[in-house]
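Okay, structure first, notes after.
The values are calculated or read from the model by the stated rules, or taken from the named source; none is laboratory data. The structure presented is a predicted model; accordingly, all values stated were derived computationally and were not measured. Methodologically, a virtual Cβ is constructed for each residue, glycine included, from the backbone with ideal geometry; neighbour enumeration extends over all protein chains shown.
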Amino acid sequence: MGRSDKVPRYLPYYWTTSEVFSLRGQTLFFRSTSAIFGKIGRLPSEEVTLQLVRSKCMPIVLYRLECFSVAKADIKSLDFAVTRFLVKVKLTRTTNIDVIEECKLFFNFLLPSEMLEIRRAKFECKLMNCSNVLNYFGLSL
């Protein structure tokens, strides 16, 4: 029985080692998209669906991950979940990765790994500009 087996199932994030943070991102993503489809149904346009996923689901999945070191396998798992979502939504109805990439570009829809990199860069910039945190750790610029 590993360390992650002792974590309650409702918690989306857990420590796998002393330095790596792991998550159950696919579960979070699919629960949040199911909640959206439960409210709006499957009739709205692709633009509306993707905007709701971008504005409601992605913040839930990526909440405060920019502060932690997350396993690459977990990030790839999230990317896969989002790609599968795009395949299943009436957006593409194909498994051709080139078509999916074109649709993502057309709708300006970023994968979680891309969004996490942007969020991480913003977090690091804010952290470096915050003198209180630097003073707390005894660092100076």
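Of all residues in region 95-129, those satisfying the criterion of being in contact with a helix residue (DSSP H, G or I) (Cβ under 7 Å, 6 or more places away or on another chain) and of a type outside the set (D, E, K, R) are Thr95, Ile100, Cys103, Phe107, Phe109, Leu111, Pro112, Ser113, Met115, Leu116, Phe123, Leu127.
So how many residues does region 26-52 have that are basic (Lys, Arg) and in a helix (DSSP H, G or I)? So the count comes out to 2.
What do you reckon, is Leu52 surrounded by 15 or more Cβ atoms within 10 Å (Cβ to Cβ) and either at pLDDT 80 or above or of a type outside the set (Ser, Thr, Tyr) (or both)?
Numbers: surrounded by 15 or more Cβ atoms within 10 Å (Cβ to Cβ): yes; either at pLDDT 80 or above or of a type outside the set (Ser, Thr, Tyr) (or both): yes.
Yes; evaluated as a whole, the condition is true for this residue.
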